[in-house]
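Presented below is the structure to which this report refers.
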């Protein structure tokens, strides 16, 4: 029996509304993601990798093409709304992803409030999540301005995980972080994947990070798919562009 | 050629004094390439700003920077500073697009800089600026000169900035994270452009970066900065093979650890300190795994051990007592 | 560019239509009528009404007013018989415009100069002094400035005439009065923007590249700090050119502003509507010009689609 | 946290203290005054300042000091309600327009742009004439004009916020518009709203003074500061104090608010970027 992909896109196209250029932001992207996988999307800026991630996260709808979740087509408001509740997104710039006027603990419990959880449940889940990402309980009542970028990124991760999502999409999760604690973030992400079975989609412009974390890597160049390869296997038919990228390491 | 001794910078804010840069010493010969490596908020940029005379208006600036025939840049008058900037030293900024004036055409900005640096008339500088752009990888320099910064990509803007920096064949070029806002491929292109200009003009290059890859690949000397202090300085090779300071060891392990597929992840526990915190002992104390008792109370001096400088009690114990 | 101009022109036409309609109907809503102060007998009053078509249905009056307006005819004044609104505007506008344009030039020159200086020295005493002066300027309304100037210079020191203006220099007091407030506003706008721009990477880079202070401040920084001030200058120009009621009253200038207020009191429908329309027209034109100027000054707008 | 920092500035404290003083004296002071603000005494018309009448009397022999105090009170009432209308309407229109986008936004921005292009004082003058001058109608007329720039600013802020990542995340997690407005938009717009409110008070006071001078002010026998100034201006060449003291009171009051607004605005904007700025 063939396994049904958790998330699958075929012939995805996207062009930004109102842009006069005829160039499409994305052209003909096919992608299958199975539950529990770690998928990387690699590309330079302007390659459409962020656009693709926004489409996968349901923020944008593809201009044409098919998006399947668990084998069901994503179409219409309701399907999208249900879908959005089962995924989470981690933005590149953690400072922009939190409201500066709310405390850490409030930020983490926010998605649960929207889902009308009970107060005790919210408190226990939020503190569990904050502990998981290694936040010192002394700092739970601090404001984001008082934390380092690395810490805020982990707060965002805690917020994302508080709802128990099936898919976690991370847009350049490490680029704002310092060298010395990138590793910590990577470790937490891998832990989530192994222990909670969260499917990870990681977007990056650095092949190093992706080769390190993911098994499957999609390479984008100017809105087109260049390669999709499994890094555990021998890959001798990679395109020139991919080789150029990988050789820079 | 460049000799920095006892560089300190402190700033008074809200009644307390923050020592942003502490006791930085280094020297460079003509044609060398120094990488100043550090994490965000470590004060690595400030160290190079001192070299450019950008901190001279601040009160809490101490030490001497002897370079380009100037006894002490930190005490130079603004006229002398301007002469240095025009003739001796080039600057490549961090955000290429934001470092060019948005309301002026590339050609007019470039010509103005060239005119200021060479002392020639604006008109003749138009030609010079075209010739400057040619070897930097522009296929149609004429067209670029007619454009505005927002019409160019980040990489192209950075090439223009490189052209401005090397216009007067400077003795040194300071590049402040020249690639941090660029893509992977563009990043290496820009570095190669800078390096080939260096080979041609033999200037000294000071490269501020947080990217160890660049530091190890393109530089022959590396200074590791943490919390406004120079923790370790030596040749790139030595630092890579035998890092001495615990922090350098951690960094090098982070660097070599990544890159191999699913190998053990390495990170240094704790958060990097900002220079805007106050210290008594060693700034790395909280995160250090090899700390001693003395580290908490007294800042380690910068000592020389086999050809490099290290600021750590593990090596400076004898002198400390 | 052309599309932008056309779009704006269309919008401005719409605004004009709304203003014409609003003033027309609001004036009819006013309590009282234009001839109530004259104790005339009903017959004469009826004659007057029919003379100015006020006895016709409002919709009819409106239609006639519009058709006259399309010929740039603003009608006849109800209060000053025999004089058309066009004539009144043609007489009084030059007075207001003369004082206003001098005040405009003065406030822009002063504002830009002080703004740049206070930004360049913003942490030293000259900068702080200018800032304090502008705060003061913003807090003292023009009727206070005008009355104070007259009291000191005209009444006590007798350096200027109180009402008669013969030499151009005599206009100094009203011009100063008019320009005090806008100069303070422009200074602040320029100062705020300029301080921001002076902290931008390209200014720091320009300095480190060895360019002189004059070039950095005037060539690289100032053009980037101007848009907010230009944006403000559009409506300002309209307000100054058409005259300020208060300043004209204090200095006894026979300008447009005076007519406006008295005509409201007199229920002189045609004159109120005419001046309102005239003023709105000038306002729209000057705002439009200011917008086009900002548009042209920003290369990111001009060359948006070419990169 | 941010809000407390504002009060560490001594000048802010001075301004706040002065404003509180204004309010206290104008609302409470009249009770203890020796003269009723509207009591006429033609024998004592146009007196210069003297011990019985600290600031002199006007052309009807009314005590200027008492009249100024009650004038401040009326001006304050007008300014307060005009500001209230301004802030509420401005915030609601701005945030709804910016957040909802689409057709609602088009309609509301069209409305804002239209109001923006009509000269504000024309609207105020026309409205006061049509509604007939009076305290209530003056602040209504001012409110009708003042909300426009506020709505414009708020819409601009909210439009940026709308695409802010934390709001996208909240939307993704199923937050309602009301939740977004009160949990995210309001705290983020509060600094702007507060500065707008503070600056709107002196604007309203000045606008009211303008209306009074034009002859559309508060109806007699009540007198706002504007009416006093207007009366004073009639005879300022002969009795300068009748003009000077009301204007001094008004200017001080406006100055307090302007300085306060400036300081608060600056403390929200934060310090200028780095230590390099001025070299």
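The values are calculated or read from the model by the stated rules, or taken from the named source; none is laboratory data. Quantities reported herein were computed from a predicted structural model and do not represent experimental measurements. In this analysis, Cβ positions are derived from the backbone assuming ideal geometry, glycine residues included, and neighbour counts consider all displayed protein chains.
When residue A:182 is tested against (1) touching a residue at least 40 places away in the same chain (Cβ under 8 Å); (2) within 12 Å of another protein chain (Cβ to nearest Cβ); (3) assigned to a helix (DSSP H, G or I), just one condition goes unmet, and that condition is (1). Checking each residue in the stretch B:83-103 for being at the interface with chain C (Cβ under 7 Å from one of its Cβ atoms) and either buried (at least 19 other Cβ atoms within 10 Å of the Cβ) or touching a strand residue (DSSP E or B) at 6+ places or on another chain (Cβ under 8 Å) (or both) picks out B:85, B:86, B:91, B:93, B:95, B:99, B:100, B:101, B:103. Residue check: is residue A:24 more than 14 Å from every other protein chain (Cβ to nearest Cβ), exposed (fewer than 14 other Cβ atoms within 10 Å of the Cβ) and over 19 Å from residue D:171 (Cβ atoms)? So residue A:24 does not fit the description; no.
Matching residues to (1) touching a helix residue (DSSP H, G or I) at 6+ places or on another chain (Cβ under 9 Å); (2) assigned by TED's automatic domain parsing to the domain that holds residue A:52:
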position	(1), (2)
A:142	yes, no
A:152	yes, no
A:177	yes, yes
A:207	yes, yes
A:219	yes, yes
A:222	no, yes
A:229	yes, yes
A:232	no, yes
A:236	no, yes
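Checking each residue in the stretch C:132-181 for being over 17 Å from residue C:254 (Cα atoms), more than 14 Å from every other protein chain (Cβ to nearest Cβ) and touching a residue at least 24 places away in the same chain (Cβ under 8 Å) picks out C:176, C:179.
Before we move on, is residue D:206 assigned to a helix (DSSP H, G or I), more than 30 Å from residue B:58 (Cα to Cα) and within 14 Å of chain A (Cβ to nearest Cβ)? No, not satisfied. Any residue that is crowded, with 18+ Cβ neighbours inside 10 Å, more than 28 Å from residue B:67 (Cβ to Cβ) and within 12 Å of chain A (Cβ to nearest Cβ) - is there at least one of those in the stretch B:219-238? Looking for residues that are crowded, with 18+ Cβ neighbours inside 10 Å, more than 28 Å from residue B:67 (Cβ to Cβ) and within 12 Å of chain A (Cβ to nearest Cβ), one finds none in the stretch B:219-238, hence no. Entry remark, the stretch B:174-188: residues being more than 10 Å from chain A (Cβ to nearest Cβ) and more than 19 Å from residue B:98 (Cα to Cα) number 0 in total. Just checking, does the stretch B:17-27 include any residue being farther than 21 Å from residue B:249 by Cα, more than 9 Å from every other protein chain (Cβ to nearest Cβ), touching a residue at least 60 places away in the same chain (Cβ under 8 Å) and surrounded by 24 or more Cβ atoms within 10 Å (Cβ to Cβ)? Yes; the residues of the stretch B:17-27 include at least one that is farther than 21 Å from residue B:249 by Cα, more than 9 Å from every other protein chain (Cβ to nearest Cβ), touching a residue at least 60 places away in the same chain (Cβ under 8 Å) and surrounded by 24 or more Cβ atoms within 10 Å (Cβ to Cβ). Counting the residues of the stretch D:230-262 that are over 15 Å from residue C:136 (Cβ atoms), more than 7 Å from every other protein chain (Cβ to nearest Cβ) and in contact with a helix residue (DSSP H, G or I) (Cβ under 8 Å, 6 or more places away or on another chain) gives 11. The number of residues in the stretch B:37-82 that are within 14 Å of chain A (Cβ to nearest Cβ) and touching a strand residue (DSSP E or B) at 6+ places or on another chain (Cβ under 6 Å) comes to 5. The residue that is surrounded by the fewest Cβ atoms within 10 Å (Cβ to Cβ), among those in the stretch C:228-255 that are facing another protein chain (nearest Cβ under 10 Å) and over 16 Å from the mean Cα position of the chain (by Cα), is C:249. If you filter the stretch C:121-143 down to residues that are outside any helix (DSSP H, G or I) and buried (at least 18 other Cβ atoms within 10 Å of the Cβ), you find that the one that is nearest to the chain's Cα centre (by Cα) is C:141. The residue list B:180, B:169 contains one member that is part of a loop (DSSP other than H, G, I, E, B), under 30 Å from residue B:66 (Cα atoms) and modelled with pLDDT under 85, which is B:180. Select from the stretch D:102-119 the residues that are surrounded by 14 or more Cβ atoms within 10 Å (Cβ to Cβ) and away from chain C (no Cβ under 13 Å) and list them in ascending order. Selection gives D:105, D:108. Being touching a residue at least 12 places away in the same chain (Cβ under 8 Å), surrounded by 21 or more Cβ atoms within 10 Å (Cβ to Cβ) and either over 30 Å from residue C:194 (Cβ atoms) or more than 10 Å from every other protein chain (Cβ to nearest Cβ) (or both) is not true of residue D:222. One residue stands out among those in the stretch B:252-269 that are at pLDDT 75 or above and within 8 Å of another protein chain (Cβ to nearest Cβ): the one that is nearest to the chain's Cα centre (by Cα), which is B:255. In the set (1) over 17 Å from residue C:109 (Cα atoms); (2) within 13 Å of chain B (Cβ to nearest Cβ); (3) surrounded by 18 or more Cβ atoms within 10 Å (Cβ to Cβ), the condition left unmet by residue C:212 is number (3). Identify, by number, the condition in (1) surrounded by 22 or more Cβ atoms within 10 Å (Cβ to Cβ); (2) modelled with pLDDT of 85 or more; (3) out of contact with any strand residue (DSSP E or B) (no Cβ under 7 Å at 6 or more places or on another chain) that residue A:34 doesn't meet. With respect to (1) surrounded by 22 or more Cβ atoms within 10 Å (Cβ to Cβ); (2) modelled with pLDDT of 85 or more; (3) out of contact with any strand residue (DSSP E or B) (no Cβ under 7 Å at 6 or more places or on another chain), residue A:34 is out only on (1). When residue A:194 is tested against the conditions (1) touching a helix residue (DSSP H, G or I) at 6+ places or on another chain (Cβ under 7 Å); (2) within 12 Å of another protein chain (Cβ to nearest Cβ); (3) surrounded by fewer than 22 Cβ atoms within 10 Å (Cβ to Cβ); (4) closer than 23 Å to residue A:132 by Cβ, the lone failure is (1).
Is it the case that some residue within the stretch A:229-249 is away from chain B (no Cβ under 12 Å) and touching a residue at least 24 places away in the same chain (Cβ under 8 Å)? No. Tell me yes or no: at least one residue of the stretch A:203-210 is more than 30 Å from residue B:272 (Cα to Cα), part of a helix (DSSP H, G or I) and within 12 Å of chain B (Cβ to nearest Cβ). Scanning the stretch A:203-210 turns up no residue that is more than 30 Å from residue B:272 (Cα to Cα), part of a helix (DSSP H, G or I) and within 12 Å of chain B (Cβ to nearest Cβ). Tallying residues that are in a loop (DSSP other than H, G, I, E, B), at pLDDT 75 or above and over 27 Å from residue D:67 (Cβ atoms) within the stretch D:1-54 yields 1. When B:147, B:164 are checked against the criterion of being within 13 Å of another protein chain (Cβ to nearest Cβ), part of a helix (DSSP H, G or I) and either under 24 Å from residue A:46 (Cα atoms) or in contact (Cβ under 8 Å) with a residue 40 or more places away in the chain (or both), B:164 stands alone in meeting it. Does residue A:83 satisfy the criteria of being in contact with a strand residue (DSSP E or B) (Cβ under 6 Å, 6 or more places away or on another chain), within 9 Å of another protein chain (Cβ to nearest Cβ) and under 30 Å from residue A:211 (Cβ atoms)? For residue A:83, the condition - in contact with a strand residue (DSSP E or B) (Cβ under 6 Å, 6 or more places away or on another chain), within 9 Å of another protein chain (Cβ to nearest Cβ) and under 30 Å from residue A:211 (Cβ atoms) - is not met. When the stretch B:185-198 is filtered for residues that are more than 17 Å from the chain's Cα centre (by Cα) and under 9 Å from residue B:31 (Cβ atoms), nothing remains.
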